[in-house]
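Chemist: Please see the structure below; I have some questions.
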Amino acid sequence: MAKTRHPFEENSMIDAALLPHIKRAIDRPARAIVARGISADQITLVGFGIGLLSVIAVWMGLFGLALLCLLLNRLADGLDGAVARLTHPTDRGAFLDIALDFMFYGLFPLGFALHDPATNALPAALLICSFIGTGSSFLAFSIIAEKRGITSDEYPSKGIYYLGGLTEGTETIVLFVTMCLFPLAFPWLAYGFAALCAITTLTRWMAGWRVFQ
């Protein structure tokens, strides 16, 4: 089947602009990791483990430690893809990377809910619900895009089609960093980002409705 391009790629935000710079920055450490025989899947699993530590640190109110673990988790998320491209990318690796990323995004707000249920439980629940909207619309579009042979010029090295929006990976990590730096502002940060996620979900629904006629 001939590959076609998706007409809504202009919706992509910060991720597409940063991706080339991130690739250049992590290329050398990725080559060093490959030379030591460490696999991309190992990095993915270790990174997720560190991400779980960040959630536990938030739960315990250790926000400095949570921030450190968060940044290490994101570093691992960049390195596993770079290592895979230098060796042999696999469908299993792409699946593992995507599945654990989505799980981490849902668990991080849960840490704030566990830390202060009376104040944070409702905004955390709303934020996690909004992540379900962005994640499900993202994955649903990717599945149908793959079926139809639609490709993205913005993310040519990704394992699946990446449909952009207001709230992509970079924006979400900036949110998490801000939450660690200003934990008392969590409710308002969660409410505000949930609203942006709702806009992203609606635009993706509209994109799917129009593209998959």
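Chemist: With each label point set 7 Å from Cα along the Cα-Cβ vector, what nm distance links residue 177 and residue 196?
Modeler: Simple spin-label model gives 1.3 nm for this pair.
Chemist: Through the Karplus equation 6.51 cos²θ - 1.76 cosθ + 1.60, θ set to phi - 60°, convert the phi angles of the range 55-65 into ³J(HN,Hα) values in whole Hz; use x for Gly and Pro.
Modeler: 5, 4, 4, 4, 3, 7, x, 8, 6, x, 5
Chemist: Indicate the gyration tensor shape class of the range 163-212 (rounded, prolate or oblate), computed on the Cα atoms with a ≥ b ≥ c the square roots of the eigenvalues: a/c under 1.5 is rounded; otherwise a/b larger than b/c is prolate and the rest oblate. It would help to have the intermediate numbers written out before the result.
Modeler: Values: a/c = 6.53, a/b = 2.47, b/c = 2.65.
Oblate, because a/c is 1.5 or more while a/b does not exceed b/c.
Chemist: Within a Cβ distance under 14 Å of residue 51, other residues only, what is the Lys/Arg minus Asp/Glu net charge?
Modeler: Numbers: positive: 74; negative: 77, 80, 97, 101.
Residues near residue 51 contribute -3 overall.
Chemist: Going by average Cβ neighbours within 10 Å, how do the peptides 31-43, 167-179 rank, with the highest at the top?
Modeler: Numbers: 31-43: 15.2, 167-179: 18.8.
Listed from highest to lowest mean packing, they are 167-179, 31-43.
Chemist: Quote the relative contact order of the range 42-133 in percent (integer), defining contacts as alpha-carbon pairs under 8 Å separated by 6+ residues.
Modeler: Numbers: 83 pairs, mean separation 29.0, N = 92.
Computed over the range 42-133, the figure is 32 percent.
Chemist: Please give the peptides 48-55, 201-208 ranked by average Cβ packing (other Cβ atoms within 10 Å per residue), highest first, as a rough proxy for protection.
Modeler: Numbers: 48-55: 20.2, 201-208: 17.4.
Output ranking for 48-55, 201-208: 48-55, 201-208.
Chemist: Quick check: the distance between the Cα centres of the range 90-145 and the range 59-85, to the nearest angstrom?
Modeler: When both Cα centres are located, 16 Å separates them.
Bear in mind that the values in this text are calculations on the coordinates, not laboratory data. Note that the coordinates shown come from a computational prediction; the quantities given were computed from them, not determined experimentally. A quick note on method: Cβ atoms are made from the backbone with ideal geometry, for glycine too, and the neighbour counts reach across all protein chains shown.
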